[in-house]
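Okay, so here's the structure we're looking at.
What follows draws every value from the coordinates through simple rules; no lab data is involved. Just so it is clear, the structure is predicted and the values come from calculations on it, not from any experiment. Note: ideal-geometry Cβ built from the backbone for every residue, glycine included; neighbour counts use all protein chains shown.
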Amino acid sequence: MRFLPDAEHRELARTLDGLLASADTPGAARAWAAGDHAPGRALWSRLAETGVFALAVPEPYEGMGPLPVELALSFVELGRHAVPGPVVETVAAAALLDRLGDAGAAAAWLPRVAAGKAVLSLCAPEHGGPYALDADAADAVLVVDGDVLRLAEGAGPVQPSADPVRRLARPLGGTVLARGPEVARAAGHAAGVAALATAAQSLGLGLALLDRTVSYVRQRTQFGVVIGSFQAVKHRLADGLVALEFARPLLYAAALALAAGSDAAPREIAAAKVTAGEAAHAAARTALQLHGAVGYTAELDLSLWIRKARPLRDAWGTPAACRARVLAP
């Protein structure tokens, strides 16, 4: 399967990159970590105006999708700029509501998701662990427990996280929205969408870390010499670039498989997820080491990217789980 982004795909990426570069995304992320969601919600609205969330919503519900390829390309840019909030969980919840076949629930939430007026979180312990991301900021938290879907009525205290911008909490109680085998099937599809979007975020994150590190080593000197001229530094950065560029076609293949409804989609998504996640994690380690002591400081914006790498690597499918799916007969 061969695929290259066309002119419209490239324009979508440029538009999002320009929008996010002109916004104070690091400031919104720091405010989000402190529990102030207003800057993040404002950024969310601007993203909705470009149609990012509409890509996950079918046309009958005022969306443009589902369009997995365009969604993946968009989430690369969201990862590149470290956009805060449950962006992955919102598009995954939209996929679940669409696949569930409950017209009432879909009509209630999907148009609002497409317009950027609803922030959703999704907790599916069988696929993504027992915590809901940003439950305190979400308009609704959907919880899948086996073949039961419920709307959480609240959440427990925020748990410590390697990334303070990712605010995790256990959802509490709730009203049953649906019950039956169709819930488990819809949740499996939603988890695939979440894993694809997370892989795209990881790829964008890794590319941003690499770009920032290349810029830094061109300026930092040691013994009167720019460290970017050292052969060991060049090799380390080249290895990081190769790993990230190797993940890119796997991401495209996974998005195309999901768009086609291929039986191979879960395996393709798992391959993209583990490859992009590991490449981004390696890029974070390289950025930390080559920035030296300054790389450890929380005051440096670089920390917003570095601290996301490991949580994204493990979210919606740990490396071990993804490898097991890829190697399953």
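Counting neighbouring Cβ atoms within 10 Å and putting the fewest first, the residues 269, 306 line up as 306, 269.
Restricting the calculation to Cα atoms, the chain shows an Rg/Rh of 0.97 when the hydrodynamic-style radius is the Kirkwood one.
Run through the DSSP bridge list for the chain and note the antiparallel percent, rounded to the nearest 5. Looking only at bridges with both residues in the chain, the antiparallel portion is about 75 percent.
For the chain, a crude dipole built from +1 on the beta carbon of Lys and Arg and -1 on the beta carbon of Asp and Glu, taken about the Cα centre, is about 1020 debye to the nearest 20.
Cα centroid distance between segment 133-147 and segment 77-108, in Å? Computed from Cα coordinates, the inter-centre distance equals 11 Å. Look at 81, 235, 127 and count the other Cβ atoms within 10 Å of each Cβ; fewest to most, that gives 235, 127, 81. Within straight-line reach of residue 273, meaning a Cα separation under 12 Å, sit the following aspartates and glutamates at least 8 residues removed in sequence or on another chain: 314. Among the GluC sites (Glu not before Pro) in segment 93-198, those located in a DSSP loop and surrounded by at most 15 other Cβ atoms within 10 Å of their own Cβ are 153. Hey, what did the chain get for relative contact order, percent, Cα under 8 Å, at least 6 apart? This gives 17 percent for the chain. Once you reduce segment 274-298 and segment 228-252 to the center of their Cα atoms, the two points are 12 Å from each other. DSSP beta bridges in segment 80-232, what fraction antiparallel, as a percent rounded to 5? Here the share of antiparallel DSSP bridges comes out near 80 percent. Globularity index of segment 84-156 is 1.01 (Cα radius of gyration / 2.2 N^0.38 Å, N = number of residues). About its Cα centre, segment 148-237 has a charge dipole of approximately 240 debye under the convention of +1 per Lys or Arg Cβ and -1 per Asp or Glu Cβ, with nothing else charged.
Dipole check for segment 185-327: with +1 at the C-beta of Lys and Arg, -1 at the C-beta of Asp and Glu, and the Cα centre as origin, the magnitude is about 180 Debye. Using the Cβ of residue 205 as centre and a radius below 15 Å, the other residues enclosed give a net charge of +2, where K and R count +1 and D and E count -1.
With the charge dipole of the chain set up from +1 on Lys and Arg Cβ and -1 on Asp and Glu Cβ about the Cα centre, the Cα lying farthest toward the positive end among the listed residues 222, 15, 143 is that of 222.
Under 20 °C and 1.002 mPa s, how fast does segment 185-327 diffuse according to Stokes-Einstein, given a Kirkwood radius computed over C-alpha pairs? Answer in µm²/s, whole number. Rounded, D is 136 µm²/s. Classify segment 2-107: rounded, prolate or oblate, from the alpha-carbon gyration tensor (a ≥ b ≥ c, eigenvalue square roots; a/c under 1.5 rounded; otherwise prolate if a/b is larger than b/c)? Taking the square roots of the gyration eigenvalues as a ≥ b ≥ c, segment 2-107 is oblate. Ranking of 185, 10, 325 by neighbouring Cβ atoms within 10 Å, starting from the fewest: 10, 185, 325.
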